[in-house]
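Let me begin by presenting the structure, written as structure tokens, before commenting on it.
The values are calculated or read from the model by the stated rules, or taken from the named source; none is laboratory data. All values reported here derive from a predicted model rather than from experimental measurement. When we count neighbours, we look across all protein chains shown, and the Cβ atoms used for this are built from the backbone with ideal geometry, even at glycine.
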Amino acid sequence: MTARPISRRRALGLAGLGAASVMAGMTGWIIDAGLPVRGGRLSPAETGEPLRQPEVVVGRDGILSVRLAAAAGVRLAGLDTSAWGYNGTSPGPTLRVRPGDLLRVQLVNQLGQPTNLHTHGLKVSPQANGDNPFIAIDPGAEFDYEIRIPPDHPPGTFWYHPHHHGNVADQIFAGLAGALLVEGGPDLPVSSDRVLLVTDTTLDAGGHVVPADAMARMQGREGDLVLVNGQHEPVIAASAGSAERWRVINGCVSRVLALRLDGHRLTQIALDGSFLAAPIDRDQVVLAPGNRVDVIVRPAADGRFALLAVPYDRGSATMMGGMAATGGQRGPVILATLVVTGSTGSTPPLPTALPAPTGPHGPVARQRRLTLAMGMGTGMRMGMGMGFTIDGRTFEAGRDDQIVTPGTTEEWTVVNTSPMDHPFHLHGWPFHVMDPSVSTPPATTLQDVVLVPAYGQAGLRIPFTGHSGRSVYHCHILDHEDLGMMGTVNVRDH
């Protein structure tokens, strides 16, 4: 099938065999978009400012309509930069919907390369102008998305970002991301409900995003600047005895966030938009790229307490010629600082039970085994002598890799044969993790990203319910996805 117009002006919907030639393109768009490397690195102009929340857009009468213009020119860490954002900010506006709402997004592409939109974690249809990863919106074009939130969709924390294969990592690293919240759930005794969208990037002295070289793409890039809501080490003010809900989103391209809060335990209530069965106190919460966690923070005494991302070793890989690349930051990174002053009295108790989804579902209709691999000579890109594959193949948009019967439950064993961790993400159908993963036991709830350890595996039970259609699964180290570590799943009668 050849590409055909599916929106006003020149937006293209790519499906079938004709899509492969476009969607399997090379990376490197940042360079083509006129963001050159310049001498030196840019340091934050503002540090320790009060944490700001992105603009919030709320639906009315069952419809949320929003125009998102993807363009260069945003303010980060107190600096005017050439980084990218939606409607002039990075992150973009927070979209708040309710179960049953219709989400209408007019996405306007003011970039110099194709883009599109993925509503990460939503259990919604990938068909037509829904959460369709095969759509490509050309520079200067616009496209109208219509995404129906199911009436029984769980409340929780989700996010949106581009997903045009070949430049996903570049575009998110440049700043394109935003929070997406589904309202509802139990009445929690919290004084504040905050979004903390964590991103990272690297800026040169001229405020341009620094493109990744071949080594960084192979390992998965990590930026010099780690930001929360576009701010550097912001301050979160609270009172002793209060309770706060923090919705932490790992919007980084490759960085794993091992979260700790000095002097506190983090009370986890949800993961990837699904509640746990009961609150769990943790010293550390590990978020792979794309993961989200909802935690309750209950300050007990005055003081300053750092929210840290402590070092996490993602593993390493060796290129041709023996050059090695190692993933993971070398020291702790301060994400934000909790400043506690005054007192509001005793801390209110949390519910002892939460509305966790039922499951795992069964009976199991089919078992599958998927193998994530990095190897020499197969699917090589960027001249690096390294291929990134699933089941020995790099991504092709026109190929159906898995065909699944609607309404069934399957068990997938995702095997990692490489010396690096790979976060596995499936669009549209969240899963239960049946086997332990790195550092964190199964959450006993639905999730959509799981960190598969180096030379390890993760067992997933996936209910393919709610909708049919064709979508993708991939490594959420987004450089690896762009380099081919992605496959297609088609949920249809067969």
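Counting the residues of segment 356-371 that are in contact (Cβ under 8 Å) with a residue 60 or more places away in the chain, in a loop (DSSP other than H, G, I, E, B) and exposed (fewer than 15 other Cβ atoms within 10 Å of the Cβ) gives 1.
Take segment 167-186 and flag every residue that is among the small types (Gly, Ala, Ser), closer than 15 Å to THR199 by Cα and in contact with a Pro (Cβ under 6 Å, 6 or more places away or on another chain). Within segment 167-186, ALA177, GLY178 qualify. Contact annotation: residue pairs with Cβ atoms under 9 Å, 6 or more positions apart or on different chains, pairing a residue in segment 380-394 that is surrounded by fewer than 17 Cβ atoms within 10 Å (Cβ to Cβ) and in a loop (DSSP other than H, G, I, E, B) with a partner that is of a type in the set (Val, Ile, Thr) and at pLDDT below 95, are GLY392/THR378. Only a single item in (1) under 17 Å from the mean Cα position of the chain (by Cα); (2) closer than 30 Å to PHE275 by Cβ is not met by PRO155, and it is number (1). Residues in segment 44-67 that are within 14 Å of VAL226 (Cα to Cα), modelled with pLDDT under 95 and surrounded by 14 or more Cβ atoms within 10 Å (Cβ to Cβ): PRO44, GLU46, THR47. With respect to (1) within 21 Å of GLY251 (Cα to Cα); (2) assigned to a strand (DSSP E or B), the lone exception for LEU64 is condition (1). Residue check: TRP412 meets all listed conditions (1) in a strand (DSSP E or B); (2) more than 23 Å from LEU483 (Cβ to Cβ) but one, namely (2).
Residues in segment 50-68 that are within 23 Å of PRO234 (Cα to Cα) and acidic (Asp, Glu): GLU55 alone.
Screening ASP213 on (1) free of Cβ contacts under 8 Å to residues at least 60 places away in the same chain; (2) within 30 Å of ILE147 (Cα to Cα) shows it passes everything except condition (2).
Return yes when ASP482 is at pLDDT below 95, closer than 20 Å to ASP391 by Cβ and not assigned by TED's automatic domain parsing to the domain that holds GLY251 and no when it is not. Reasoning before the result, please.
Details: at pLDDT below 95: no; closer than 20 Å to ASP391 by Cβ: yes; not assigned by TED's automatic domain parsing to the domain that holds GLY251: yes.
Criteria not met by ASP482.
What residue, of LEU483, LEU460, LEU446, is under 27 Å from ILE172 (Cβ atoms) and more than 18 Å from the chain's Cα centre (by Cα)? Even if it seems obvious, please write down each step before you answer.
On the way: LEU483 fails: more than 18 Å from the chain's Cα centre (by Cα); LEU446 fails: more than 18 Å from the chain's Cα centre (by Cα).
LEU460 is the lone residue from the list that is under 27 Å from ILE172 (Cβ atoms) and more than 18 Å from the chain's Cα centre (by Cα).
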